[in-house]
Amino acid sequence: PHVTEMAGEALGRDGGSRHADAVALGEADETWPRIVEDAARGMLKDVYAPVDDFGQERKPSLQPYPEIPWDKIKLDQFNLLPGILHPLLKRVGAGWGTFRIIPVESGRGCPYGCEFCTVTGFFGDSIRFRTNESVVNELLLLKARAREEGGQIAVFFIDDNFAINVKRTKSLLRDIIAANAQVHWVAQISANLLRDEELVDLIAASGGKWIFIGMESIDPANLADVKKGFNKPGEYSVVLDRLAQRNVYAITSFIFGMDNDEPGVAERTLKEIRSWPPGLPIFGLMTPLPATPLYKRLESAGRLTRPKHWQEFIPFAMAHAPLKMSIEEAHNEVRIGWANSYSPQAIEKAVDSLNNKPLGYRINILIARLCFRGIYFPQMGPFAWVKTIFENRRTILKLMWQGFGGGLHASAPPVATQRSPVEN
């Protein structure tokens, strides 16, 4: 999305350095073959735009969809676990030596138009889907590969809003179940769509394990300001309980530094989070990205403190002044959110809260918390991982002991053999 909106910057047309030989605007499904051909001939153009013969932007259909050769692609590149964890988790059994998250697309687009989001501007309000058969065949290929090689594998549906068309999503999930194509999967779904009990039943029965929910704020005024009033904070707890009752858990995303936020917003949010089932809370700062309505509003109001903040990128640093707190106060709220959610004590508490579940669920949330911790805290090198493992040694050793004592219970119940209200 960035280079599509800022093509001149990438090509050095704004007075700065040139960063690219060519820029593909928008979705490159149809332009990419032309780019490769021109590059092979040494005749690259500066800009490739997905337009029809009349110069109008054309959105590529997802039907037919290219077959991804998952039977040949090296899957190690999708393994989330650092090498230092492999021998520890491998001894637990049930294939926990590797944990691969495979990206799969089932559809594109989201019509909601949240003020801070680049999705609507990039994909437009053109909602498109692959055929159910195409998605199911891809899952079957991945499932066969996982069975052949062993190890834990999950799919991340990278759709911007996996259930934006609830009728279509239910149809896809039913077909996954009917074809015995269930693998554990993760997807992004807005909270308002999870009011549908049948949809949640189908999510669980088809292999859904984690749902990313952009909650953004527990303050309705903040949500209305950024055009996300369809989120209802009063429903958050009900939605998360509904998922957890079916052994599906949530990645809950929050933005601090919104116009109605004041110092203490992190603790107020954490108080709500502590009353919910265990999940993966993540915290960020309101960030005005180029060409979004948020950027234009803040620019016209003279509130941007770093108008080209992406050129001097600093993670978790604001680029505009909030209304009811200072920039440094907003940064501190994010630190509080992460520190309280990903301390060794918080991780242990989240894992222990699932003591009534099979061991696989507890290993899953441990690995997820350790990996998500690295979004905020430096955790790329081996030493950082050794330190993290040492700090969480109590929880890790506890799970290893449980694994040695009952290896047969080390994995979650096979989704494909579970019966659900949907099947009945």
Each residue of the stretch 289-297 in order: what ³J(HN,Hα) in whole Hz does its phi give by Karplus 6.51 cos²θ - 1.76 cosθ + 1.60, θ = phi - 60°, with x for Gly and Pro?
8, x, 6, 7, x, 4, 4, 5, 5
Under the rule of at least 5 residues apart or a separate chain, name every residue whose amide H is placed under 5 Å from the amide H of M215.
S253
For a Förster distance of 41 Å, can you work out the FRET efficiency between the beta-carbons of A224 and W401, rounded to the nearest 0.05?
0.25
Which shape class, rounded, prolate or oblate, goes with the stretch 1-59 when its Cα gyration tensor gives a ≥ b ≥ c as root eigenvalues, a/c under 1.5 marks rounded, and past that a/b bigger than b/c marks prolate?
oblate
Sequence of T118, T269, T305 from largest to smallest accessible area, 1.4 Å probe
T305, T118, T269
If one computes the Cα centroid of the stretch 100-153 and of the stretch 224-260, what distance in Å separates the two points?
22 Å
Given Cβ charges of +1 for Lys and Arg and -1 for Asp and Glu, the option among P382, P288, A266 whose Cα lies farthest towards the positive end of the dipole of the stretch 60-403 is P382
Distance (nanometres) between label positions extended 7 Å along Cα→Cβ at K271 and S353
1.7 nm
Give the lysines whose C-alpha is closer than 26 Å to that of K228, dropping any in the same chain fewer than 8 places away, or say none.
K59, K167, K170, K209, K271, K296, K308, K324
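Give, as a single signed number, the net charge of other residues whose beta carbon lies under 13 Å from the beta carbon of V183, with Lys and Arg counted +1 and Asp and Glu -1.
Here the count lands on +4.
Only four residue types carry charge here, +1 at the Cβ of Lys and Arg and -1 at the Cβ of Asp and Glu. Report the dipole size of the chain about the Cα centre in Debye, rounded to the nearest 20.
1440 debye
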By accessible area with a 1.4 Å probe, ligands and nucleic acids excluded, highest first: order of V136, V386:
V386, V136
What number, rounded to the nearest 500 deg cm²/dmol, is the helix-based mean residue ellipticity at 222 nm of the chain, given -39500 (n - 2.57) per DSSP H run of at least four residues and division by all its residues?
-11000 deg cm²/dmol
List the residues, sorted by chain then number, that are 5 or more residues from Y249 or on another chain and whose placed amide H is less than 5 Å from its amide H.
W210, I211
Three-way shape label, the stretch 230-378, alpha-carbon gyration tensor, a/c 1.5:
prolate
Give the residue from F313, H184, T395 lying farthest towards the positive end of the charge dipole for the stretch 60-403; charges sit on Cβ (+1 for Lys and Arg, -1 for Asp and Glu) and the dipole is referred to the Cα centre.
T395
If I model a spin label at L141 and S171 as a point 7 Å from the Cα along the Cα→Cβ vector, what separation in nanometres do I get?
2.3 nm
In terms of the charge dipole of the stretch 60-403, which places +1 on Lys and Arg and -1 on Asp and Glu at the beta carbon, the residue among V226, L202, I367 farthest towards the positive end is I367
For A346, what charge total do you get from the other residues with a beta carbon under 12 Å from its beta carbon, if Lys and Arg give +1 and Asp and Glu give -1?
+1
So, relative contact order of the chain in percent, Cα under 8 Å, 6 or more apart, is 13 percent
Antiparallel DSSP beta bridges within the chain, as percent of all bridges there, nearest 5:
15 percent
Taking square-rooted eigenvalues a ≥ b ≥ c of the alpha carbon gyration tensor, is the stretch 60-403 rounded, prolate or oblate, where a/c under 1.5 means rounded and, failing that, a/b exceeding b/c means prolate?
oblate
Taking a probe of 1.4 angstrom, what is the accessible area of D352 in Å², to the nearest 10?
50 Å²
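How high is the relative contact order of the stretch 1-59, given as a whole-number percent (alpha carbon pairs under 8 Å, six or more residues apart)?
Relative contact order here is 27 percent.
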Of the listed peptides 333-341, 229-237, what is their order by residue-averaged count of other C-beta atoms within 10 Å, with the highest listed first?
333-341, 229-237
Any chance you could run the full-extension gain for E198 through H19? It's 0.36 nm times the residue separation minus the Cα-Cα distance, nm to one decimal.
59.6 nm
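The values are calculated or read from the model by the stated rules, or taken from the named source; none is laboratory data. Source: prediction; values computed, not measured. Cβ: placed from backbone, ideal geometry, glycine included. Neighbour counts: every protein chain shown. Quick note on the areas: whole protein, heavy atoms, side chains included, nothing else; ligands and nucleic acids left out. Shrake-Rupley method; radii C 1.70, N 1.55, O 1.52, S 1.80 Å.
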